[in-house]
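Here is the structure we will look at, set down as structure tokens.
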Amino acid sequence: MQIARTVSDIRSEVAHYRAAGESVGLVTTMGALHEGHMALIAAARAAHDRVVATIFVNPTQFGEAADLEAYPRTEARDIAMLEEAGADAVLIPEASEIYPEGDETIVETTRLADMHHGRTRPGHFRGVTTVVARLFNIVGPDAAYFGEKDYQQIAVIRRMARDLHFPLEVRGVPTVRAEDGLALSSRNARLSPEDRAAAPVLKRALDAGRAVALPGTRIEDIAQTIRETVAEEPRARLEGLDLVDPMTFLPATGPFETPVGIMISARFGRGDDAVLLIDQMEIAP
Ligand code: PAF
């Protein structure tokens, strides 16, 4: 596997693939890789001649410096995992490579970025679209792969790719879960053992919501069931619960008659060490 640290190195690597007529799949990550990322690599591997990954803890998508600081960095292990999974190349740039001196350009979806998770993390999705647009331009893949756990993130990236005419496909890969249902996330490593044991409440709450969601059930009743399930776990502090139209991301209301995307987020732990986890489920009547 080629390890590139600069834009020009990864570009010349990809140029070799293109010269040989090969297709390229891209998996962007912030490192601290786990089986969820490996599922993205596997999906790209299955569809393309070449797989390029990126590892970059993107500073512009973190609101709090403490959160950026605390983000796990496990480069040697990540490289070994990517190699094992069959990636052909990885870009591991310094921030100055992605955000050159004097940088002043941002990419933003003006409506989607301010809704739901964007409300509680102002500027987060602007940071995501800004870095992903740059990574798309740097690598120039045929398709890019993202985990469905980050439900709103994929929607934002899809919208950006469509609006800016990026010549690539944005593909979602189903969430990978631990045996107890917890969605795999790099943040899980920061949970105390007690919070790790409590965290599967998010999946239980989504399952409970799905269980009561019969055609015609009031959306508010589905939401209430989810809230009550989270409330049964004293270590979880519900931060966001949004039931939305999967196409527009506008709030779903009235009776359950068309598909609904459920996005949930909760904090585990206290103070600066509190870990924000998210999960999602799409349900259809
Ligand atoms: O999902 C992530 O890990 C990040 O938001 C991404 C897409 C790599 C952008 O930094």
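The values are calculated or read from the model by the stated rules, or taken from the named source; none is laboratory data. Keep in mind the model is a prediction, meaning the values are calculated, not measured. Here Cβ is always computed from backbone atoms with ideal geometry, including for glycine, and neighbour counts include all displayed protein chains.
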Given the conditions (1) surrounded by 20 or more Cβ atoms within 10 Å (Cβ to Cβ); (2) under 30 Å from GLY240 (Cα atoms), report the number of the one that ALA89 does not fulfil.
(2)
Go through the residues of the stretch 261-272 one by one and say whether even a single one is outside any strand (DSSP E or B), modelled with pLDDT of 95 or more and within 17 Å of THR120 (Cβ to Cβ).
no
I'd like the full set of residues that are surrounded by fewer than 22 Cβ atoms within 10 Å (Cβ to Cβ) and touching a strand residue (DSSP E or B) at 6+ places or on another chain (Cβ under 6 Å), limited to the stretch 136-145.
ASP142, ALA143
Top-ranked residue of the stretch 170-189 - restricted to ones that are within 11 Å of the ligand (Cβ to nearest atom) and of a type in the set (Ser, Thr, Tyr), ranked as surrounded by the most Cβ atoms within 10 Å (Cβ to Cβ):
SER185
Filter the stretch 42-58 down to the residues that are in contact (Cβ under 8 Å) with a residue 60 or more places away in the chain and either within 16 Å of ALA143 (Cα to Cα) or more than 9 Å from the ligand (Cβ to nearest atom) (or both) and list them by number.
ALA43, ALA44, ALA47, HIS48, VAL52, THR54
One residue is enough: does the stretch 181-202 have a residue meeting the conditions under 25 Å from ARG11 (Cα atoms), small (Gly, Ala, Ser), in contact (Cβ under 8 Å) with a residue 12 or more places away in the chain and in contact with a Lys or Arg (Cβ under 6 Å, 6 or more places away or on another chain)?
no
Of all residues in the stretch 206-230, which are touching a helix residue (DSSP H, G or I) at 6+ places or on another chain (Cβ under 9 Å) and aliphatic (A, V, I, L, M)?
LEU206, ALA208, ALA211, VAL212, ALA213, ILE222, ALA223, ILE226, VAL230
Can you spot a residue in the stretch 126-135 that is in contact (Cβ under 8 Å) with a residue 40 or more places away in the chain, in contact with a Pro (Cβ under 9 Å, 6 or more places away or on another chain) and surrounded by fewer than 18 Cβ atoms within 10 Å (Cβ to Cβ)?
no
Determine if the stretch 97-114 includes at least one residue that is surrounded by fewer than 22 Cβ atoms within 10 Å (Cβ to Cβ), polar (S, T, N, Q), under 16 Å from the mean Cα position of the chain (by Cα) and farther than 30 Å from ALA252 by Cα.
no
Output the number of the condition that GLU233 fails; it satisfies all remaining conditions of (1) crowded, with 17+ Cβ neighbours inside 10 Å; (2) part of a helix (DSSP H, G or I).
(2)
